[in-house]
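A.B. asks: Below is a structure I'd like to ask you about.
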Amino acid sequence: MKTAPEILQVLQAQFPEKILKSEMGVLDPWARVEAGSIVEVCSFMKSDLNLSFDTLACLSGVDFKGLKGETERLEVVYHLFSMKQRHKFVLKVELPRDNPSIGTVEGIWAIANWHEREAFDMFGIRFEGHSDLRRILCPDDWEGYPLRKDYEQPETYRGMPVRPVKQFVEMANEGLPVGTNPFKA
Amino acid sequence: MQVEAFEGEEMILNMGPQHPSTHGVLRLELQTDGEVVQKITPHIGYLHRCFEKHAENVDYPGVIPYTDRMDYIASMNNSLGYALAVEKLMGIEVNDRVKALRVIVAELNRIASHLLSIGTYAMDIGAFTPFLHCFREREKILDLFEWTCGARLLYNYNWVGGLSHDIPEGFVDKTRQFMAEFEPVIAEQNELLSFNKIFIERTAGVGILGEELAISYNVTGPNLRGSGVSWDLRKADPYCGYETYDFNVPVGQGKFGPLGSCWDRYYVRVREMEESLKILRQALDRLPDGDVQEKVPKKVKPPKGEVYGRTETPRGELGYYIVSDGSPNPFRVKIKSPCFTALAVLPVISKGEMVADIIAVIGSIDIVMGELDR
Amino acid sequence: MEALLKLLSDNVAGYGSLASPLQYLLPMVLASLCCIALVALFPIVAVYAERKVAAHMQDRLGPMRVGGWHGWAQTIADGIKLLLKEDIIPSEADRVLFKLAPLVVFAGGFASLVVLPFGASVIVSDLNIGVLYVVAISSLGVVGIIMAGWASNNKYALFGGMRAAAQIVSYEIPAVMAILTVVIPVGSLSTQEIVRAQEGGWLGIGNWFIFKPVTAVAFLVYYLASLAEVNRTPFDIPEAESELVAGYHTEYSGMRFAFFMLAEYVNMFVVSAIGATLFLGGWNSPVFGGPVAFMLKSVALVFVQFWLRWTLPRLRVDQLMYVSWKVLLPASFVLVILAGALAVR
């Protein structure tokens, strides 16, 4: 069991150039890693016996757009956990909002396969070297990346209205029942 | 959706999204050679309701009803995880009554969820009667919940900083009565199903999930414990005062075949119900006085920051990654769903099994599509 | 039928003056009408009974509304509903086979009734190869099931049909072997002869084959195999609803589906009745003999089928084959040899 500052120390010793920023005094201490070396850092963190981060608890994409005081960017956040050592750490990677692309950690933690597919589906982040980078929650032919802050919902999908139809919205606003009652034809 | 090239003797069998035992709207593409399944490709997303997008557009308390709708079998546990994460972000410490009540509802909900899991599992294997016995007991728990907060499935009970209602008068006695009635049912269930020769033949030795594979896929909860790993967040990373309760963490023992089989996962759930009863008994005994809404903030507006809160739901580690920008709406909420990781491992552990075994494995990992697809 | 002919010519004035073919035809028609009535009524009663039995085993009440007293009219209402339902044939199905299959399945069960000895003289036809006839004709159902599975053009149905074919063919062998252990000591294939051979004995039941050493075990073998032949739990693999949706009748609806249900229940009755004939003394009884005793015994065996269904989980295909080829078949061979040895002595 290591505390977050100790883990950071190990990382800084191993990758002096690659740790761009870190914050230790928060609820979940994190370190920002250079995007190009995430695979290298992750595989070190798994194989190093003192760290042995053997599982990836969560992989999330975050779209920082329209937030005061923050540069517009995409972030991939890796919540790592070690079942052996029982300590945790958070890695972050900054990506540009246009054409974001990063190496896959699928070969390190098998579950990353699905998490990365989700991040691809929702944010359009490409994971280079991923074995099966398809949309996972949305249909294969869905357009756009829904969890981006500037996502515009399409009017229709394959001819089916996706948004609430205008006439129903008006009915609902007037307090009329929307939809049909199957028992009153 | 492309059909890969396959040899002449193989057949693509499309299982789901409408199928009696895919536990919701899961769709599996099976490549079968006679009865033997060569390859499985899960297709998910049929129940995707954009939870994470919704959460960005409502305020913090407004997310709670949505969390209930993720794992609708164990809503209490879902909203508990979210409430705890937000409280952690805001630095709220709730009083002891709230803690004890949260433990009580979470454990009752855990029993209800495991009952459903066990009952439907029996049905997957072809035994119908245990299913109804389980539902009979589950009904009593739902009645208790209905009495407490007016809802039977989607409770909106755990609020940020407190609870929506205190328990009604007589709740403790009714719960004790339920526990007294329920305890013999577990033994009956074991006799009828768990140790039935046919049931063991069908489930032990099928869908073997090894420890390393499980950890690599971040499989959690009863599925991980079925593989012999004693890992329970209630013990390892306690919340709500779980560290003050005396209970055991049941793990799979590989009694009837290799460790980590379907039977092990199933039986871990059966024994977890007994442990939940233990916790319930202690919580009911100690239940302190207090105001359940004492710490509920007028306006939930966490400071800028982020948190990854995790709790042990009946299905495993449920994580909420919440990013706050200091406004009343969350900036980003990401759910790490235990079912998501459990289903990801399904193609690996059921490769080369028979069609009937696929059903046994799906049932044993106990997924709820509402949470998987969010 | 001979008894019916005698009854008619004795009691109906001028019956003997009818044309000779008509004299024979009339009892035939009457006998088949009786069989149809049995086939139509038994499933209605049995489905209702099964639902009630299941319900009470599961701590619930079952149908309680239709018809007033304990929902007695529920299955009648269900039957009418099935009759009125739209008949859907999948567009890609093989229409001829699809329509023919339920009839073939049903005919197999129905035709077996011919040699069931309901009473000393109550039998449609006492064929001298009665047992052989039953074994042969009940296999007809398999053909129908494969037809249904193939014609539906549905992969689940195909799976169900293939499983059913494999299962029924494998279990036919131990079943026939078990029947042989009774046929050897009796020395006849006629069902009436077999029943007569079980008359008398200690308390009037001592000569039943179930109370004799070799045939007692054979009864178990037969009963297990018969469960598999009629696709009942724990051998309900061809229609395993949690795996194959509904197996070979997935695509059937309305009256065609009802035919499969009818056939299933008729088959359940037939295998139980054969069990009662061969091992439980048929219409023999220390208290009251005849059709009532025979029906009671058959229904008791049907009840056991219900009981097993609502208690046990389902086996897997390979386990099912294991039970048949590696357990029941060797056991039944040994039994036949023992029965032969006893008969020679």
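A.B. asks: What are the trypsin sites (Lys or Arg not before Pro) within the stretch B:12-79 that DSSP puts in a loop, where the Cβ has at most 14 other Cβ atoms within 10 Å? Working shown, then result.
C.D. replies: Details: sites: B:R27, B:K39, B:R49, B:K53, B:R69; in loops: B:R49, B:R69.
Sparse-neighbourhood loop trypsin sites (Lys or Arg not before Pro): B:R49.
A.B. asks: Please state the equivalent ellipsoid semi-axes for chain C: what are the square roots of 5 times the Cα gyration tensor eigenvalues, largest first, in whole Å? Mind dumping the intermediate values first?
C.D. replies: Details: eigenvalues 203, 150, 86 Å².
After diagonalising the Cα gyration tensor, the semi-axes are 32, 27, 21 Å.
A.B. asks: Taking the Cα centre of chain A as the origin, how large is its charge dipole in debye, to the nearest 20, when only Lys and Arg (+1) and Asp and Glu (-1) carry charge on their Cβ atoms?
C.D. replies: On the way: 23 positive and 28 negative charges, 86 e Å.
With only Lys, Arg, Asp and Glu charged at Cβ, the dipole is about 420 debye.
A.B. asks: For the protein assembly as shown, build the charge dipole from Cβ charges (+1 Lys, Arg; -1 Asp, Glu) around the Cα centre, then report which of C:S285, C:V53, C:V135 sits farthest towards its positive end.
C.D. replies: Looking along the dipole axis, the top candidate is C:S285.
A.B. asks: For the stretch A:36-185, just run the numbers: alpha carbon Rg, then divide by 2.2 N^0.38 Å, N being how many residues it has.
C.D. replies: In units of the globular-protein estimate, the stretch A:36-185 measures up at 1.40.
A.B. asks: Express the Stokes-Einstein translational diffusion coefficient of the stretch A:87-157 in µm² s⁻¹, to the nearest whole number, given a Kirkwood radius over alpha-carbon pairs, 20 °C and a viscosity of 1.002 mPa s. Please report the intermediate quantities before stating the final value.
C.D. replies: On the way: Rh = 13.3 Å.
The estimated diffusion coefficient comes to 162 µm²/s.
A.B. asks: Exceeding 23 Å between C-alpha atoms, which entries from my cross-link table qualify? They are B:K53/B:K295; A:K18/A:K68; B:K99/B:K299. Let's see the in-between values first.
C.D. replies: On the way: B:K53/B:K295 28 Å; A:K18/A:K68 27 Å; B:K99/B:K299 21 Å.
From the list (B:K53/B:K295; A:K18/A:K68; B:K99/B:K299), the Cα-Cα distance tops 23 Å for B:K53/B:K295; A:K18/A:K68.
A.B. asks: Could you work out the helix-only [θ] at 222 nm for chain C, with each DSSP H run of four or more residues adding -39,500 (n - 2.57) and the total divided by the number of residues, to the nearest 500 deg cm²/dmol? Intermediate values should be presented prior to the final figure.
C.D. replies: On the way: 14 runs with 224 residues, N = 345.
So the helix-based figure for chain C works out to -21500 deg cm²/dmol.
A.B. asks: Further, regarding this structure: Compute a Gaussian network model of chain C, connecting alpha carbons closer than 10 Å, and tell me which residue from C:L83, C:L26, C:L103 fluctuates the most.
C.D. replies: C:L26
A.B. asks: While we're here: If you find the alpha carbon centre of the stretch A:62-93 and of the stretch C:240-264, how far apart are they in angstrom?
C.D. replies: 54
A.B. asks: Same structure again: So with the 1.4 Å probe, I'd like the accessible area per residue for the protein assembly as shown, rounded to whole Å².
C.D. replies: With all protein chains present, the protein assembly as shown gives 41 Å² per residue.
A.B. asks: While we're looking at this one, here's another question. Under a 10 Å cutoff between Cα atoms, tell me which one of C:V195, C:V124, C:V66 has the largest fluctuation in the Gaussian network model of chain C.
C.D. replies: Looking only at C:V195, C:V124, C:V66, the biggest GNM fluctuation is shown by C:V66.
A.B. asks: Along the three principal axes, how long is chain B when you take its alpha carbons, biggest first, rounded to the nearest angstrom?
C.D. replies: Taking the Cα atoms of chain B, the three principal extents are 67, 47, 34 Å.
A.B. asks: Report the GluC sites (Glu not before Pro) located in the stretch C:30-120 that are in a DSSP loop and have at most 14 other Cβ atoms inside 10 Å of their Cβ, or state none.
C.D. replies: On the way: sites: C:E50, C:E86, C:E92; in loops: C:E86, C:E92.
Those satisfying the criteria are C:E86, C:E92.
A.B. asks: May I ask you to give the average projected area over all directions of the convex hull of the Cα atoms of the protein assembly as shown, in nm² rounded to one decimal?
C.D. replies: Quarter of the Cα hull surface area: 46.5 nm².
A.B. asks: Mind checking the stretch B:244-277 for trypsin sites (Lys or Arg not before Pro) that DSSP puts in a loop (not H, G, I, E or B) and that have at most 14 other Cβ atoms within 10 Å?
C.D. replies: Details: sites: B:K255, B:R265, B:R269, B:R271; in loops: B:K255.
Answer in residue order: B:K255.
A.B. asks: Let me ask you something else. Taking the Cα centroid of the stretch A:2-45 and of the stretch B:168-242, what is the distance between the two, rounded to the nearest whole Å?
C.D. replies: Here the two parts' Cα centres lie 37 Å apart.
A.B. asks: Short version: ³J(HN,Hα) in whole Hz for each residue of the stretch C:110-125, in order, from phi by Karplus 6.51 cos²θ - 1.76 cosθ + 1.60 (θ = phi - 60°), x for Gly and Pro, what are they?
C.D. replies: 5, 5, 5, 4, 4, 9, 6, x, 6, x, 3, 10, 9, 7, 5, 8
A.B. asks: Out of A:L49, A:L74, A:L59, any idea which swings most in a Gaussian network model of chain A, alpha carbons joined below 10 Å?
C.D. replies: Ranking A:L49, A:L74, A:L59 by mean-square fluctuation puts A:L49 first.
A.B. asks: Going Cα to Cα from B:K255, which lysines come in below 18 Å? Please leave out same-chain ones fewer than 8 positions away.
C.D. replies: B:K197
A.B. asks: Roughly to the nearest percent, how much of the accessible area of the stretch C:90-343 is carbon and sulfur, given a 1.4 Å probe? Present the calculation step by step, with values, prior to reporting the outcome.
C.D. replies: On the way: 6840 of 9190 Å².
Accessible surface attributable to carbon and sulfur in the stretch C:90-343 totals 74 percent.
A.B. asks: Could you state how much accessible area is buried at the B-C interface, both sides summed, with a 1.4 Å probe, in Å² to the nearest 100? Before the final figure, lay out each step's value.
C.D. replies: Values: alone 15110 and 16490 Å², together 29070 Å².
Chain pair B/C: roughly 2500 Å² of buried accessible area.
A.B. asks: Mind checking the dipole of the protein assembly as shown: about its Cα centre, +1 per Lys or Arg Cβ, -1 per Asp or Glu Cβ, Debye to the nearest 20?
C.D. replies: Values: 84 positive and 101 negative charges, 238 e Å.
About 1140 debye.
A.B. asks: Using the structure shown, list the pairs from A:K21/A:K46; B:K351/C:K326; A:K92/B:K304; B:K298/B:K336 with a Cα-Cα distance above 23 Å, or answer none.
C.D. replies: Numbers: A:K21/A:K46 21 Å; B:K351/C:K326 27 Å; A:K92/B:K304 17 Å; B:K298/B:K336 29 Å.
Pairs exceeding 23 Å: B:K351/C:K326; B:K298/B:K336.
A.B. asks: Here is a further query. Say the dipole of the stretch C:90-343 comes from +1 at the beta carbon of Lys and Arg and -1 at that of Asp and Glu; which of C:G160, C:V96, C:V334 then lies farthest toward its positive end?
C.D. replies: Farthest towards the positive pole: C:V334.
A.B. asks: What does the helix-only formula give at 222 nm for chain A: each DSSP H stretch with n ≥ 4 adding -39500 (n - 2.57), the total divided by the residues, and the result rounded to the nearest 500 deg cm²/dmol? The partial results should precede the final answer.
C.D. replies: Numbers: 4 runs with 41 residues, N = 185.
Rounded to the nearest 500, the figure is -6500 deg cm²/dmol.
A.B. asks: Could you tell me the relative contact order of the stretch C:90-343? Use alpha-carbon pairs under 8 Å, at least six residues apart, and round to a whole percent. It would help to have the intermediate numbers written out before the result.
C.D. replies: Numbers: 427 pairs, mean separation 67.4, N = 254.
Worked out over the stretch C:90-343, it gives 27 percent.
A.B. asks: For the stretch B:3-43, calculate the relative contact order in percent as a whole number, restricting contacts to Cα pairs under 8 Å that are 6 or more residues apart. Mind showing how you got there, number by number?
C.D. replies: Working: 64 pairs, mean separation 13.2, N = 41.
Relative contact order of the stretch B:3-43: 32 percent.
A.B. asks: Distance between the C-alpha centers of the stretch B:65-118 and the stretch C:284-345? Whole Å please.
C.D. replies: 53
A.B. asks: Mind checking which of C:I179, C:P238, C:V221 is farthest towards the positive end of the stretch C:137-259's charge dipole, using Cβ charges of +1 (Lys, Arg) and -1 (Asp, Glu) about the Cα centre?
C.D. replies: The residue sitting most towards the positive pole is C:I179.
A.B. asks: Then there's this: Could you give the dipole magnitude of the stretch C:1-101 about its Cα centre, charging the beta-carbon of Lys and Arg +1 and that of Asp and Glu -1, in debye to the nearest 20? Walk me through the intermediate numbers first.
C.D. replies: Numbers: 9 positive and 9 negative charges, 59 e Å.
With only Lys, Arg, Asp and Glu charged at Cβ, the dipole is about 280 debye.
A.B. asks: Using a 1.4 angstrom probe with every protein chain in place, what is the largest-first accessible-area order of B:C50, B:C149? The partial results should precede the final answer.
C.D. replies: Values: B:C50 60, B:C149 20 Å².
So the residues, ranked largest to smallest area, are B:C50, B:C149.
A.B. asks: Out of the total accessible area of the stretch B:53-373 (probe 1.4 Å, heavy atoms of protein only), what percent is carbon and sulfur?
C.D. replies: 51
A.B. asks: Which whole-number percent gives the relative contact order of the stretch C:225-317, counting Cα pairs below 8 Å spaced six or more residues apart?
C.D. replies: Numbers: 83 pairs, mean separation 32.3, N = 93.
Value for the stretch C:225-317: 35 percent.
A.B. asks: Using a 10 Å cut-off on Cβ atoms, rank the peptides B:215-221, C:283-289, A:95-101 from the highest mean neighbour count down. It would help to have the intermediate numbers written out before the result.
C.D. replies: Numbers: B:215-221: 27.0, C:283-289: 16.6, A:95-101: 14.0.
Descending packing order for the listed peptides: B:215-221, C:283-289, A:95-101.
A.B. asks: Near C:K212, which aspartates and glutamates are there with a Cα under 12 Å away, not counting those fewer than 8 places off in the same chain?
C.D. replies: none
The values are calculated or read from the model by the stated rules, or taken from the named source; none is laboratory data. Being a predicted model, the structure only gives us computed values, none of them experimental. As a convention, Cβ positions derive from the backbone with ideal geometry for all residues, glycine included, and neighbour counts pool all protein chains shown. To get the accessible areas, we keep the full protein, side chains included, count just its heavy atoms, and leave off ligands, DNA and RNA. Shrake-Rupley method; radii C 1.70, N 1.55, O 1.52, S 1.80 Å.
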